[in-house]
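Report on the following structure.
The values are calculated or read from the model by the stated rules, or taken from the named source; none is laboratory data. Every value quoted in this text rests on a predicted model; they were computed, and no experiment measured them. Please note: Cβ atoms are built from the backbone with ideal geometry, for glycine as well, and neighbour counts cover all protein chains shown.
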Amino acid sequence: MSSINPNGEERDAGFDARDPAVRRLLMALAADARRNPARLAALTGLPEDQVADIIGRLERARVIRGYKTVVDWERLGGERVVAFIDVSVSPQRDVGFDQVAARIYRHPEVRSVHLVSGGHDLRIIVEAPSMREIAQFVSEKLAPIDHVTATNTHFLLKAYKEDGDILVEDAPTDDRLPVTP
């Protein structure tokens, strides 16, 4: 049984997203999206046909938004420049930050846009072939957007871990458990 949500997307009422089995399935897929239903069934303890059914419903409900390949671009030797840009915005009546964020995320060089707390309102991640192209993006596309009041750009120098994947070969082998206060 399904219905349509306010965004016009199908909403599937046939599963409980808080169900631990659904969560285990999603965690297994997030760790490796190439796993087939038989392997996922073995990892989650669910029957294979139920795994395939749940995945299909999660895709239709857009809980599963897509599948990605994680690429270590540095190993290919290709040059890429990544920048984290903090953006200050004067929010608009009735839409807050949403309209400015939408104008920003439509640019192809923008990888992500987040509303954040702190000294700035939005944090965006931009990728381009050169620093010059990122500078042009900031000065010609980002800064002129209505209600953008300030930008602060930080360039990525080295990534050690990204999306849960450790990217460095010489990671220390420390078997001690992390200690938190």
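When residues of region 106-117 are filtered for being under 24 Å from R132 (Cα atoms) and assigned to a loop (DSSP other than H, G, I, E, B), how many remain?
4
Does A101 satisfy the condition of being touching a helix residue (DSSP H, G or I) at 6+ places or on another chain (Cβ under 9 Å), among the small types (G, A, S) and at pLDDT 85 or above?
no
Can you work out which of the residues in region 77-94 that are loosely packed, with under 13 Cβ neighbours inside 10 Å and at pLDDT 80 or above is nearest to the chain's Cα centre (by Cα)? Let's see the steps before the verdict.
Going residue by residue through region 77-94, those that are loosely packed, with under 13 Cβ neighbours inside 10 Å are 77-80, 90, 93-94.
Next, only the ones that are at pLDDT 80 or above stay: 80, 90, 93-94.
On the way: R80: 19, S90: 25, R93: 28, D94: 26 Å.
Of everything passing the filter in region 77-94, R80 is nearest to the chain's Cα centre (by Cα).
For region 122-151, what are the residues that are touching a Phe, Trp or Tyr at 6+ places or on another chain (Cβ under 9 Å), surrounded by fewer than 17 Cβ atoms within 10 Å (Cβ to Cβ) and either of a type in the set (S, T, N, Q) or not in a helix (DSSP H, G or I) (or both)?
I125, H147
For region 56-74, which positions are free of Cβ contacts under 8 Å to residues at least 40 places away in the same chain and part of a loop (DSSP other than H, G, I, E, B)?
I64, R65, G66, Y67, K68, T69, V71
Could you count how many residues in region 75-93 are in contact (Cβ under 8 Å) with a residue 24 or more places away in the chain and either part of a loop (DSSP other than H, G, I, E, B) or outside the structural domain of T151 (by TED's automatic domain parsing) (or both)?
Qualifying residue count for the region: 4.
State yes or no: is R103 of a type in the set (D, E, K, R), closer than 30 Å to D16 by Cα and not in a strand (DSSP E or B)?
no
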